[in-house]
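*Asks:* To start, I am sharing the structure in question, which I have written as structure tokens.
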Amino acid sequence: MVKENKKKSPEIGISGLNSISNLEADIMQIVWEAGQISVREVHEIMLKREMEKKEHGFIPYTTVMSTMTTLADKGLLKQNKAAKTYLYSASVDRKELSKNIIMSVAEKLLDNSSKVLVSSFVSRDNNISADQVKKLLDDIK
């Protein structure tokens, strides 16, 4: 079996290394809620949530640490390296991240006329719900 060498891209997309995974999204939610937080604190919050759900196979600390480093590499988190323990904060807000993901989907899946429609939709200053995005994509079809 030959492994393909995939280049890591800083853009946020819908497939492969260019996606934001469920784990990355969960971590971003925690960071947005906290403002500034350490890997250990994120890990503890995730463990607490997993225990409340009574799930098995709890997430390892090293997975949270490497995922947060990846989010920093993608430009979604900022690392404050001033202290012994790195502190992380979001470098994008929820709305900006949502717009980037929606635009990436539009660029990869839709033709130019649809891209203009999606672009105008996400550039509005109001809050965008998942239902609104689904309705827009259904209307495009």
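The values are calculated or read from the model by the stated rules, or taken from the named source; none is laboratory data. Not measured: the values here are computed from a predicted model. In this analysis, Cβ positions are derived from the backbone assuming ideal geometry, glycine residues included, and neighbour counts consider all displayed protein chains.
*Asks:* Counting only residues that are touching a Phe, Trp or Tyr at 6+ places or on another chain (Cβ under 9 Å) and farther than 14 Å from Met28 by Cβ, which one in region 70-85 is surrounded by the most Cβ atoms within 10 Å (Cβ to Cβ)? Give the steps one after another, and end with the answer.
*Replies:* So in region 70-85, the residues touching a Phe, Trp or Tyr at 6+ places or on another chain (Cβ under 9 Å) come out as 71-72, 77-80.
Retained after the next criterion (residues that are farther than 14 Å from Met28 by Cβ): 79-80.
Details: Gln79: 15, Asn80: 12.
Filtering first and then ranking leaves Gln79.
*Asks:* Gly57 versus (1) in contact (Cβ under 8 Å) with a residue 40 or more places away in the chain; (2) over 24 Å from Asp93 (Cβ atoms): which is the lone unmet condition?
*Replies:* (1)
*Asks:* State which residue pairs qualify: first residue at pLDDT 90 or above and inside region 20-39, second residue aromatic (Phe, Trp, Tyr) in any location, beta carbons under 8 Å apart, and separation of 6 or more residues or different chains.
*Replies:* Between residues of region 20-39 that are at pLDDT 90 or above and residues that are aromatic (Phe, Trp, Tyr), the close pairs are Val31/Tyr88; Gln36/Tyr88; Ile37/Tyr88; Ser38/Tyr86; Ser38/Tyr88; Val39/Tyr61; Val39/Tyr86; Val39/Tyr88.
*Asks:* Look at Val116 and say whether it is under 30 Å from Ala34 (Cβ atoms), at pLDDT below 70 and either in a helix (DSSP H, G or I) or of a type in the set (Phe, Trp, Tyr) (or both). Can you show your working first?
*Replies:* On the way: under 30 Å from Ala34 (Cβ atoms): no; at pLDDT below 70: yes; either in a helix (DSSP H, G or I) or of a type in the set (Phe, Trp, Tyr) (or both): yes.
Here the answer is no, as Val116 does not meet what is asked.
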